[in-house]
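Here the structure comes first, spelled out in structure tokens, and everything after it is commentary.
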Amino acid sequence: MKTLRYFAITLLMFPLQLLAGTCEVTLNGSDSMKYDVSEIKMDASCSEFKLVLNHSGKLPANIMGHNVVVVKDSDFQTVIGSINMAHSAEGGYLPSDAPVLLKTGLIGGGETTEVTVNASAFKTGESYTFFCSFPGHYAMMKGAFSLN
Ligand code: ZN
């Protein structure tokens, strides 16, 4: 726990370092259907990229579920068009063949989920969107993902 606390303090002291590009990012989602981050910049030199999502709210996953999905900007409309309650909640209500580059589990209040992906899926100069694929959430829970 001490290490974690030190890490958190370090992040608070050097927020600009995070914006400069990182191989690991932590987002918080809340019961007000928002992320606390609107832009993610992954360092182009990363070999792996880790994304951690905390849900700081209290509502369960079937009411206020959150995940983080990253897609190419050019695939965004197609992917959000495929969101359907008929698909599993664990899969973020997306079909298994959706062109997603990163997807965390879908969690409820008080939960945390994380995923680590091979960074070679992401290319410098390409624009990506990150969003929550719980039905209806992408309008509020959406941001830009890029490499630098
Ligand atoms: Zn959500």
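Readers should treat all values here as calculations from the given coordinates under stated rules, not as data from a laboratory. Not measured: the values here are computed from a predicted model. So basically every Cβ, Gly included, is an ideal-geometry build from the backbone, and we count neighbours across all protein chains shown.
A few remarks follow.
- Condition check for Ile83: touching a Pro at 6+ places or on another chain (Cβ under 9 Å) and of a type in the set (A, V, I, L, M): yes
- Taking every residue in region 117-137 that is within 18 Å of Asn148 (Cβ to Cβ) and pairing it with any residue that is assigned to a strand (DSSP E or B) and near the ligand (Cβ under 9 Å from one of its atoms), at least 6 positions away or on another chain, yields no pair with a Cβ-Cβ distance below 6 Å.
- Any hit, region 44-52, residues being under 26 Å from Thr22 (Cα atoms), within 16 Å of the ligand (Cβ to nearest atom) and surrounded by fewer than 20 Cβ atoms within 10 Å (Cβ to Cβ): yes
- Subset of region 105-148 [small (Gly, Ala, Ser), within 11 Å of the ligand (Cβ to nearest atom) and within 14 Å of the chain's Cα centre (by Cα)]: Ser133
- Summed over region 71-125, residues that are polar (S, T, N, Q) and within 20 Å of Lys50 (Cβ to Cβ) total 7.
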